[in-house]
Every structure is written in C-alpha cells, then in structure tokens.
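Colleague: Below you will find the structure I want to go over with you.
The values are calculated or read from the model by the stated rules, or taken from the named source; none is laboratory data. Treat the numbers as computed from the prediction; the structure is a model and nothing was measured. Here Cβ is always computed from backbone atoms with ideal geometry, including for glycine, and neighbour counts include all displayed protein chains.
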Amino acid sequence: MMPVVRRPTRTWLLPTLAGYQRAWITPDVVSGLAAGAVVVPQAMAYATIANLPVQVGLYTCIVPMLVYAFLGGSRSMSVSTTSTIATLTATTLVSAGVAAGAEDALGSLMALTLLVGVILLLARLLRLGSLVENISGATVLGLKIGVGATVAAGQLPKLLGETVNFSGHGLIRSLAAVGAALDSVHWPTVGLSVASILTLFLLQRFVPQIPSTLIVVLGGILLVALTGFKESGVDLIAPVPSGLPVLALPDFSAVGALVPGALAIAIMAFLESAAVARSTRRPEEPTIDADQELFATGAANVFGAFFTAMPAAGGFSQSAVNQNAGAKTQLSTLVTVVLAILIALFLGPVLSLLPQATLAAVVFVAVVGLIDVPELVRWARFSRVDFWIALTVAVVGLTAGLLAAVAVGVVVTLLLVLRELNKPAVSAGERRGDALEVRLGSGLYTANIRPNTTAVEELVGTYAGVKTVVLDLHRLEATSITVIDGLMDLDRQLSSKGVELHLAALPPKATAVAQGFPWFEKLQARNRVHPSVAAGLGAVAASSD
C-alpha cells in the first residue's frame, strides 16, 4: 500500500509562528527593538506629511502592526505607514476638502483608512492579488519620483522656519510657499535643519547599522530639554498626549470624495506590501501568497481605522532593519508593538519637546531617496517603453497630482497588458500532405479573436498547396459568442480560398458552449471536430485516400 503524502497546511492565525523554535526568541526580540527604533519615529514623521498629529503615526505602529503580525505571511515585514502612503493620504484629504486641524479631520482619516481596508478585503474576496501585481515597476518608479519631489518641496518651508505643511497641495504650491518663506527665514531653525539632514545622511552612509532617525530625534529632544534652544524661537511639535488610542467611529460625511484616493492608496499599499514581503523572504521560508497578503493588509487597515490609524502598508526601511537584525517570525513585530505602546503611555511629554524642523528633516531625507534618477536613466538605456511610462507618471504626479498619477499609471499598465495579450502567437505545426496543423500560443477571447484569426489566414497563405487546416484549440478553456463568430468568419474566409477548417482538442467547457451554435453542429456532422490534433490529421489523411 502506497504511503499517503500529506501537504502541509497553512494556518490563517499566526502563520509565521508555526513550528516556532526556542532559539528564535533572542533574534526576534532584538530585531523587534531595532525595527521599533526606526519605525516609531519614522511613522511619527510621516504623520506630519498629512498634517496630522504625530501621535497618529504612533498609533499606526500599534493596531495595524498587531493585526498583520497575527495574519500576515511575511516573517520579517513591518507594517505601518510609508512615505508614499502618507503622501497619498495627504493628497486625498486635501482633495476631499478636509482641512488639517479641523474637528472632522481625524474622523475623515478613519473613514479613509477603513475604505482602504475594505477595498483590499474585496480584492482578496475576488482573488485580484495577481491582477494588482501586473501594475508595472515603471508606474511605481514614476509615482515614487513624484512623491519624493512633492513631499521634499513640501518640507522646505518647515526647514526654513515656517509652520505650514504643503505636502498635500502639490509641487507648485509647495514651491510658492518656499518663495514666501525666504522673506522670513528663521536662521536657528535653518541651522537645526541642516545639522539634522547632515547627521542623517552621514549616519546612513557610513554607519548604516545605527538607527539614524532615532539618533536625530533624540538629539533634537535633548537639545531643547538641556539648552535654551527653545527660547530662540524654534517651533516644537504640538503636545503629544499620553495614552493609548481609543475606540472611535469614522466620520463618513466626506466618504464620496475619499473613494478615489482610497482606491489609489489601496493599490499602492498592496504593491508596496507585496514587494517588501517578497524582497525580505529568505529561500527557506514559505512562498508569499498574494491573496493572503491582501487579506492581512486589508484587515490591518480595517481594525486600525477604529483606533485613529493612518492607512498602513509594508515599509522597506523598517522591514530591512527587522530582517538584518535576524528576525525569524512576526514575534519581532509584536515586540515593536509593545515598544510603541510603552512610548504612547509614558513618553508623550518627552516627545512634545521635539522640534518641527527635526521631523521635517527626517521626512526630507526619507523622500529624497525616492527620487531614483539613476534607475530612470538605466531604463532609458534598456527599455524605452518603461522609461516613458515612468517619466509620464512622474510628470503627471508633479503637475496634476499624485491621485491622477496613480490613475494614469494603472490605465497605461492595463493597456500594455492588453496589448501583450492581444498579440497573436500563431505558429505552424505538423504537415501531412495538404493538411497543416496550426497552433495558437494563447487562448481566445473577445479582444484578441480578430488579430488571431487574421494571423491564421496570413500563416496559411504562406504555405502552398494547403487544402485543410487543423486548428489546435486546447488553450480555449472558455469561449463566448464573439469567439465563435470569429471562428465562423475564419471558416468562411478559408473556404473562399479553397481551404477547409477543422477544429481539434477543444476543451469540454468550450465544447458545451459551442454546441449551441448551428455552425458548430454542422462541423461535427461533417467530421470536422476532433478530440486531438493527431486525430484530426489522421481523419483528414484517411478521407483523402
């Protein structure tokens, strides 16, 4: 009796902790603390991109991260907000007419986060994971360039001593704000900004293992706490309340205006999360399931929405820190969550000493790295199509806005996918006497039936003496009226040239549909429908003898 081989089943709850080993505890704890040193101050900084209180970024490091740790399939991915998601959040809120600091700003933010989560869960329900991943890298590169330039320009007024954030208002208004700020430059703030930026660049360049963001944030706090720097007129962030996020209900008054932005954020959240999950996966770890990541990221946003969290996604920087520190499972994320909870409970007064210019410097350095001009140049050399897609998306993002850039990128990507799908891949197979086998390289559907039937006619025309074509249809898993009409037209065109069409290897589902058409019934009655190509060629050869 043959032994039964059982496939390992994946559990949906805490999947990365399956088969946990005691030796993994220390690296998980260390990596969780290391990631927390990066993700917590970074998330607080990213909250300012959307003109939100810094504690909103801190809250995003609690509930969404906790939910993903329980449901996600990546062992080392850290889920909070990212610069791209934060910028799209700012743009969406501004486009919806939600003013920063207004009473309904946080309620609308919660509604936006909830919408993002619901869209991701619907995509999971419809199994759209692989479809979303078809969005090209060129689109993502163009969008990141647009995000980087827009957010960097939006931080310049704060770096010069202004208090207004223009990240959600686009590049033009941000540059105009820079021009206005030049008349009232606050030099102590400029000095702090320059020192913070240089420190970040130097640490990242020469000592990358040190959490540069944490060092700069602590330096800014100590500068204010231990010196009289505050009296020089340097602006601090708004007071940070101590305590955990409380359960609250979203404000749906602007939900209609939030939907387009929610779609864009959901697409980017999944793309970033999927990319991070795959790039941080070790060879010995389980493969990343796109649908599982949709579910985990969607649930993280749905639950986070009710605790005033920003839209969340996998972040490259903190995930890389997590992995490099030796994270084995999502226990490391649970350690990061505990660290964020302790900070929220006990360090609110300390965080309130943080200068705005320091956070602006953190954001500025983070987003400048998104402007990957060398990659754009490389694509200009090797792939002109990708180069023009990336450049177009970037220009649209810088001029018309980031939401428009996402829309253009998605539309262009879908058009390119359709173009590739619609390219006919017709080839000649075996020839027996005056009978020729013709193979289709892809299935037939409404959009590509005409190019394929035309290609078949042209191919047959290149072979002299062909009187019978046996068309291999084994790839036609499903069919439609348009496809049957196209095959009927092909039969007529070939018949007018003295060539008889035979169909072979038509799958059962497609056969069941085709049998409802009188034309197909006539082909069957005339023995021109065959179970395989070999049977078709054999029948043609037998009839000609």
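Colleague: Quick check on my filter: what residues within segment 400-421 are over 14 Å from Val147 (Cβ atoms), modelled with pLDDT under 80 and touching a helix residue (DSSP H, G or I) at 6+ places or on another chain (Cβ under 6 Å)?
Modeller: Within segment 400-421, Thr413 is the sole residue that qualifies.
Colleague: Here is a follow-up. Is there a residue in segment 138-150 that is of a type outside the set (Lys, Arg), at pLDDT 85 or above, in a loop (DSSP other than H, G, I, E, B) and touching a Gly at 6+ places or on another chain (Cβ under 8 Å)?
Modeller: no
Colleague: Look at segment 254-289 and say how many of its residues are more than 13 Å from Phe316 (Cα to Cα) and small (Gly, Ala, Ser).
Modeller: Matching residues across segment 254-289 total 7.
Colleague: Would you mind stating whether Ala274 is touching a Leu at 6+ places or on another chain (Cβ under 8 Å) and either surrounded by fewer than 24 Cβ atoms within 10 Å (Cβ to Cβ) or among the aliphatic types (A, V, I, L, M) (or both)? Working first, answer last.
Modeller: Values: touching a Leu at 6+ places or on another chain (Cβ under 8 Å): no; either surrounded by fewer than 24 Cβ atoms within 10 Å (Cβ to Cβ) or among the aliphatic types (A, V, I, L, M) (or both): yes.
Considered against the rule, which asks whether it is touching a Leu at 6+ places or on another chain (Cβ under 8 Å) and either surrounded by fewer than 24 Cβ atoms within 10 Å (Cβ to Cβ) or among the aliphatic types (A, V, I, L, M) (or both), Ala274 comes out as no.
Colleague: From Ala37, Ala43, Ala86, which residue is under 20 Å from Leu351 (Cβ atoms), in contact with a helix residue (DSSP H, G or I) (Cβ under 6 Å, 6 or more places away or on another chain) and surrounded by fewer than 24 Cβ atoms within 10 Å (Cβ to Cβ)?
Modeller: Ala37
Colleague: If we keep just the residues of segment 450-470 that are hydrophobic (A, V, I, L, M, F, W, C) and in contact with an Asp or Glu (Cβ under 8 Å, 6 or more places away or on another chain), which is nearest to Ala505 (Cα to Cα)? First the steps, then the outcome.
Modeller: Filtering segment 450-470 for residues hydrophobic (A, V, I, L, M, F, W, C) gives 455-456, 459-460, 464, 466, 469-470.
Going one step further and asking which of them are in contact with an Asp or Glu (Cβ under 8 Å, 6 or more places away or on another chain), we end up with 466, 469-470.
Numbers: Val466: 21, Val469: 14, Val470: 10 Å.
Among those residues, the one meeting the criterion is Val470.
Colleague: Is it fair to say Phe387 is of a type in the set (Phe, Trp, Tyr), outside the structural domain of Leu494 (by TED's automatic domain parsing), surrounded by fewer than 18 Cβ atoms within 10 Å (Cβ to Cβ) and within 30 Å of the chain's Cα centre (by Cα)?
Modeller: No.
Colleague: Which of the following residues is among the β-branched types (Val, Ile, Thr) and within 30 Å of Val533 (Cβ to Cβ): Val466, Val396, Val410?
Modeller: Matching residue, one of Val466, Val396, Val410: Val466.
Colleague: Taking Thr358 as the residue in question, decide whether it is part of a helix (DSSP H, G or I), within 30 Å of Ala18 (Cβ to Cβ) and not small (Gly, Ala, Ser).
Modeller: No, not satisfied.
Colleague: Further, regarding this structure: Which members of segment 24-44 meet the condition of being among the polar types (S, T, N, Q) and in contact (Cβ under 8 Å) with a residue 60 or more places away in the chain?
Modeller: Ser31, Gln42
Colleague: Regarding Val216, is this residue of a type in the set (Val, Ile, Thr) and either touching a Lys or Arg at 6+ places or on another chain (Cβ under 9 Å) or crowded, with 16+ Cβ neighbours inside 10 Å (or both)?
Modeller: yes
Colleague: Also: Hey, can you tell me all the residues within segment 513-530 that are exposed (fewer than 14 other Cβ atoms within 10 Å of the Cβ) and of a type in the set (D, E, K, R)?
Modeller: Selection gives Glu521, Lys522, Arg526.
Colleague: Within segment 317-329, restricting attention to residues that are buried (at least 23 other Cβ atoms within 10 Å of the Cβ) and more than 21 Å from the chain's Cα centre (by Cα), which residue is nearest to Ser83 (Cα to Cα)?
Modeller: The extreme case among them is Ala327.
Colleague: Being within 34 Å of the chain's Cα centre (by Cα), surrounded by fewer than 21 Cβ atoms within 10 Å (Cβ to Cβ) and under 22 Å from Val540 (Cβ atoms) is true for just one of Arg432, Arg492, Arg419, Arg475. Which residue is that?
Modeller: Sole residue among the options that is within 34 Å of the chain's Cα centre (by Cα), surrounded by fewer than 21 Cβ atoms within 10 Å (Cβ to Cβ) and under 22 Å from Val540 (Cβ atoms): Arg475.
Colleague: Moving to a separate point now. Quick test for you: out of Ala123, Ala105, pick the one residue that is modelled with pLDDT of 85 or more, within 25 Å of the chain's Cα centre (by Cα) and of a type in the set (Gly, Ala, Ser).
Modeller: Exactly one residue qualifies, and that residue is Ala123.
Colleague: Which of the residues belonging to segment 215-240 are part of a helix (DSSP H, G or I), closer than 17 Å to Ser193 by Cα, modelled with pLDDT of 90 or more and touching a helix residue (DSSP H, G or I) at 6+ places or on another chain (Cβ under 9 Å)?
Modeller: Ile215, Val216, Val217, Leu218, Gly219, Gly220, Ile221, Leu223, Val224
Colleague: Additional query: Hey, Glu284 hits all of (1) part of a loop (DSSP other than H, G, I, E, B); (2) closer than 24 Å to Met44 by Cβ but one; which does it fall short on?
Modeller: Status for Glu284: all satisfied but (2).
Colleague: Just need a number here: residues in segment 318-355 that are in a loop (DSSP other than H, G, I, E, B) and aliphatic (A, V, I, L, M).
Modeller: The total comes to 5.
Colleague: Considering each of Gly261, Gly243 in turn, give the residue that is part of a helix (DSSP H, G or I) and touching a residue at least 12 places away in the same chain (Cβ under 8 Å).
Modeller: Working: Gly243 fails: part of a helix (DSSP H, G or I).
Criteria check complete, one pass: Gly261.
Colleague: For segment 396-423, give me the residue count where each residue is within 19 Å of Leu370 (Cβ to Cβ) and either of a type in the set (Asp, Glu) or without any contact (Cβ under 8 Å) to a residue 12 or more places away in the chain (or both).
Modeller: Here the count works out to 2.
Colleague: Same structure, new question: List every residue pair whose Cβ atoms sit under 7 Å apart, with the two residues 6 or more apart in sequence or on different chains, where the first one lies in segment 283-294 and is farther than 7 Å from Gly73 by Cβ and surrounded by 15 or more Cβ atoms within 10 Å (Cβ to Cβ) and the second, anywhere, is aliphatic (A, V, I, L, M) and modelled with pLDDT of 80 or more.
Modeller: As it stands, the answer is Ala290/Ala274; Leu294/Leu120; Leu294/Ala123, since those pairs meet every condition given.
Colleague: So Arg378 clears everything in (1) surrounded by 14 or more Cβ atoms within 10 Å (Cβ to Cβ); (2) in a helix (DSSP H, G or I) except one condition, right? Which one?
Modeller: Checking Arg378 against (1) surrounded by 14 or more Cβ atoms within 10 Å (Cβ to Cβ); (2) in a helix (DSSP H, G or I), the one that fails is (1).
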